[in-house]
Amino acid sequence: MVVTPLACSIFGEIGTVGIMADTLARSLYKRNTTREPYRCHYSLNPAYRDLVLSQGLVACGMDDDGEVRMIERTDHPFFLAALFVPQLSWEQPHPLLTGLLRAAWEHR
């Protein structure tokens, strides 16, 4: 399975995510790290990481252990997925949500 249960649940935790340069995520956050709340028990299966990333997805956010926390496609106006829950973040309006709304408005 490409998505697999986490070895150790991060549900209810707040974690640091490093945001990779030259990505949509970086252009939205305008910084290289963020702290985000998690509500998940699943993640990208490490056995499929290279295969997934070779198919046009970019790992744009990583935790301190190098685990993928955000992915995006560069060939789409707004294709960005995160393991954290931006609507629960202390940062409001959240950069990912405003970016989604902006992309939807511009491509309507």
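Laboratory data are not the source of any read-out in this text; all were calculated from the coordinates shown. What you see is a predicted model; the values in this text were computed from it and never measured. When we count neighbours, we look across all protein chains shown, and the Cβ atoms used for this are built from the backbone with ideal geometry, even at glycine.
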Of the residues in segment 1-27 that are under 14 Å from the mean Cα position of the chain (by Cα) and of a type in the set (Gly, Ala, Ser), the one that is farthest from Phe78 (Cα to Cα) is Gly15
Of (1) of a type outside the set (S, T, N, Q); (2) in a loop (DSSP other than H, G, I, E, B); (3) under 21 Å from Ser9 (Cα atoms), Arg108 fails just (3)
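Please pick out the residue among Gly56, Gly12 that is in contact with a Phe, Trp or Tyr (Cβ under 9 Å, 6 or more places away or on another chain) and surrounded by fewer than 18 Cβ atoms within 10 Å (Cβ to Cβ). Full working, then the answer.
Values: Gly56 fails: in contact with a Phe, Trp or Tyr (Cβ under 9 Å, 6 or more places away or on another chain).
None of the other options fit; the residue is Gly12.
Do you know which residues across segment 37-83 are of a type in the set (Asp, Glu), over 20 Å from Arg102 (Cβ atoms) and in contact with a strand residue (DSSP E or B) (Cβ under 9 Å, 6 or more places away or on another chain)?
Going residue by residue through segment 37-83, those that are of a type in the set (Asp, Glu) are 50, 63-65, 67, 72, 75.
Next, only the ones that are over 20 Å from Arg102 (Cβ atoms) stay: 50, 63-65, 67.
If the condition is that a residue be of a type in the set (Asp, Glu), over 20 Å from Arg102 (Cβ atoms) and in contact with a strand residue (DSSP E or B) (Cβ under 9 Å, 6 or more places away or on another chain), then Asp63, Asp64, Glu67 are the ones that fit.
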Output for segment 46-85, where each listed residue is of a type in the set (Gly, Ala, Ser), part of a strand (DSSP E or B) and over 21 Å from Ala104 (Cα atoms): Ala59, Gly61
List pairs: first residue in segment 1-16 and over 13 Å from Asp63 (Cβ atoms), second residue charged (D, E, K, R) anywhere in the structure, Cβ distance under 7 angstrom, at least six positions apart or on different chains. Phe11/Arg39
When only residues in segment 64-108 that are in contact with a Gly (Cβ under 6 Å, 6 or more places away or on another chain) and surrounded by 18 or more Cβ atoms within 10 Å (Cβ to Cβ) count, which is nearest to Leu6 (Cα to Cα)? Arg69
Those residues of segment 53-79 which are more than 19 Å from Tyr42 (Cα to Cα) and acidic (Asp, Glu), in sequence order: Asp75
Residue that is surrounded by the fewest Cβ atoms within 10 Å (Cβ to Cβ) [pool: residues in segment 17-45 that are hydrophobic (A, V, I, L, M, F, W, C) and assigned to a strand (DSSP E or B)]: Leu44
Checking the conditions here, which among Val58, Val68 is free of Cβ contacts under 8 Å to residues at least 40 places away in the same chain and closer than 21 Å to Gln87 by Cα? Val68
